[in-house]
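Remarks on the structure that follows.
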Amino acid sequence: MNKLISNSRKLQRFKNADFIKQSSHKGTLFSSNINMSKNSSPAPEQPLRCPDNSAFKQQKLPAWKPQLSPALVLSTFIGTGSFCLAVGIALLLAATSVKEIQINYSDRCSDCSKLRENSSNWEKECFCLTNFTLLESMPGNVYMYYGLHNFYQNHRRYVHSRSDAQLLGRDVNIQNSACSPFTVYQNGTPMAPCGAIANSMFNGTARPPYWQKPVYLLDMENEENNGYINDDFIIWMRVAAFPAFKNLYRLLSHTKEFVDGLPAGNYSLHISYNFPVAKFDGRKHVVLSTVTWSGGRNLFLGIAYIITGAVTLLASCVIIAVHLKIRKNTRETQNQFKK
């Protein structure tokens, strides 16, 4: 029985081989028959998800392929390095020409800080006097900044402790907002503005627990500079990214003896102390500074440009040395083949 099955399989193989041989001899006939069948049958439909046969959809558009020659690369590196180096030197010279003085009054106002740490004393005003000497005059526009050290405004809970809807003047339920715990008083009166950012406002001139006046009395001299559009309030609500920062507070008025700027001499700052910083080892200071075309006194940008330019020029020198060495080796190899 097994022999019969094997013999039938061999016979089938021989038949298939004969069919292949016949088809190879009659290739023209088969091809003509296939062409006839193609002409007689309708063309197959194009797949629905196949993109159009266009240069854009088939990604056949011409593209620019830059040829990076040594001359092009070296000129780009040298030009970029020289530009960064020149800009860095200009920024550094401009920053060093800024005249700035910083007055730290944390220690001089320590008594007021201790008074403000007790929440029951918020209705009591506390003033401290800070004296300083200006050795050189500050010509032109003089800007006054207030600064804080070791005050982390970028803390996640601090950043979210505000109600933007309330700041836009909408009627919202601040108890369900992110302002907690500075939302309402014990008698149920809502705080306006609410949140930890507003409560820790530097000059403390509004009505959350650390504020001395309601929000509509932030500026007693200018009625249009009150409420949530008060300039000082807007600047303070823009939280800083680093724990040491300074914010613009005032601009020197060019009147009387201050027509040409701030002259040298002895001065006194009369400070109304409202926000304590001793609990978190914070420091408070006032900065008086002039500005140039590049802004205030900021050495980082100029130094960064100089370092970038120097590194780029150094890299171009290394590329030149490598290129000359490779070219020398190539010439020596070509000369050996010629010999």
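The values are calculated or read from the model by the stated rules, or taken from the named source; none is laboratory data. Bear in mind that the values here come from a model prediction, so they are computed numbers and not experimental data. A quick note on method: Cβ atoms are made from the backbone with ideal geometry, for glycine too, and the neighbour counts reach across all protein chains shown. Just the protein is used for accessible areas: all its heavy atoms, side chains included, with ligands, DNA and RNA removed. Shrake-Rupley method; radii C 1.70, N 1.55, O 1.52, S 1.80 Å.
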Quiz item: Taking region 245-268 only, how many residues are hydrophobic (A, V, I, L, M, F, W, C) and over 30 Å from A192 (Cβ atoms)?
Solution: 5
Exercise. Please list, ordered by first then second residue, the pairs with beta carbon atoms under 6 Å, 6 or more apart or interchain, first in region 125-150 and closer than 20 Å to W236 by Cβ, second assigned to a loop (DSSP other than H, G, I, E, B) and open to solvent by 50 Å² or more (accessible area, probe 1.4 Å).
Key: H149/A244; N150/D281
Exercise. Provide a single number: the residues in region 241-261 that are under 30 Å from F151 (Cα atoms) and either buried (at least 16 other Cβ atoms within 10 Å of the Cβ) or among the aromatic types (F, W, Y) (or both).
Key: 5
Quiz item: Out of the residues in region 94-111 that are part of a helix (DSSP H, G or I) and in contact (Cβ under 8 Å) with a residue 60 or more places away in the chain, which is most open to solvent (accessible area, probe 1.4 Å)?
Solution: T96
Quiz item: Is at least one residue of region 142-156 open to solvent by 80 Å² or more (accessible area, probe 1.4 Å) and either out of contact with any Pro (no Cβ under 9 Å at 6 or more places or on another chain) or among the charged types (D, E, K, R) (or both)?
Solution: yes
Exercise. Test F337 against the stated conditions and say whether it is in contact with a Phe, Trp or Tyr (Cβ under 9 Å, 6 or more places away or on another chain), over 25 Å from L134 (Cα atoms) and open to solvent by 50 Å² or more (accessible area, probe 1.4 Å).
Key: no
Self-check item: Filter result for the condition that a residue is in contact (Cβ under 8 Å) with a residue 60 or more places away in the chain and farther than 26 Å from S97 by Cα, over R250, R238, R283
Solution: R283
Exercise. Take region 310-320 and flag every residue that is over 14 Å from F83 (Cα atoms) and either β-branched (V, I, T) or open to solvent by less than 60 Å² (accessible area, probe 1.4 Å) (or both).
Key: A315, V318, I319, I320
Practice problem: Identify, by number, the condition in (1) at pLDDT 80 or above; (2) of a type in the set (A, V, I, L, M, F, W, C); (3) under 31 Å from the mean Cα position of the chain (by Cα) that V184 doesn't meet. | Solution: (3)
Quiz item: Restricting the search to region 163-186, which residues are without any contact (Cβ under 8 Å) to a residue 60 or more places away in the chain, in a helix (DSSP H, G or I) and out of contact with any Cys (no Cβ under 8 Å at 6 or more places or on another chain)?
Solution: D164, A165, Q175, N176
